[in-house]
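Each remark here refers to the structure printed beneath this line.
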Amino acid sequence: MQTISYPQIQKGYKKGNTFIVTKTETEGQFNIYQLFEEHNDYATASDIRAAQSSLKNVPDEEIIVSIPGEDRNAFLVMNHVGIHELNSFTLTLNADPS
């Protein structure tokens, strides 16, 4: 598991889940992570990869990560997405967890 060193640019909430958007090493590309909760904290990188076919070529250490400032680990939901796809996703998020 690696610790994300790229800046967190947005944190949002949707249906009781917490999502974090970070920049990647590639200009104009972003990763979207979801923090683990009690009901899914047992999941492995293989479990997540099986549920998200778009992650089939992503190494295990990039699927489950530690994000500075968060008390739970996170798992990759969307990998290297462009600004338009990112904007579409973030429009569905709430700024408040309630």
**Asked** In region 58-88, how many are of a type in the set (Gly, Ala, Ser) and within 12 Å of ALA45 (Cα to Cα)?
**Response** 1
**Asked** Considering only residues of region 81-98 that are of a type in the set (A, V, I, L, M) and in contact (Cβ under 8 Å) with a residue 12 or more places away in the chain, which is surrounded by the fewest Cβ atoms within 10 Å (Cβ to Cβ)?
**Response** ALA95
**Asked** Residues in region 32-54: is at least one surrounded by fewer than 17 Cβ atoms within 10 Å (Cβ to Cβ) and within 15 Å of GLN8 (Cβ to Cβ)?
**Response** no
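Values in this text are rule-based calculations from the coordinates and carry no lab data. Since the structure is predicted, the reported quantities are computational estimates derived from the model, not experimental observations. Virtual Cβ from ideal backbone geometry, glycine too; neighbours counted across all protein chains shown.
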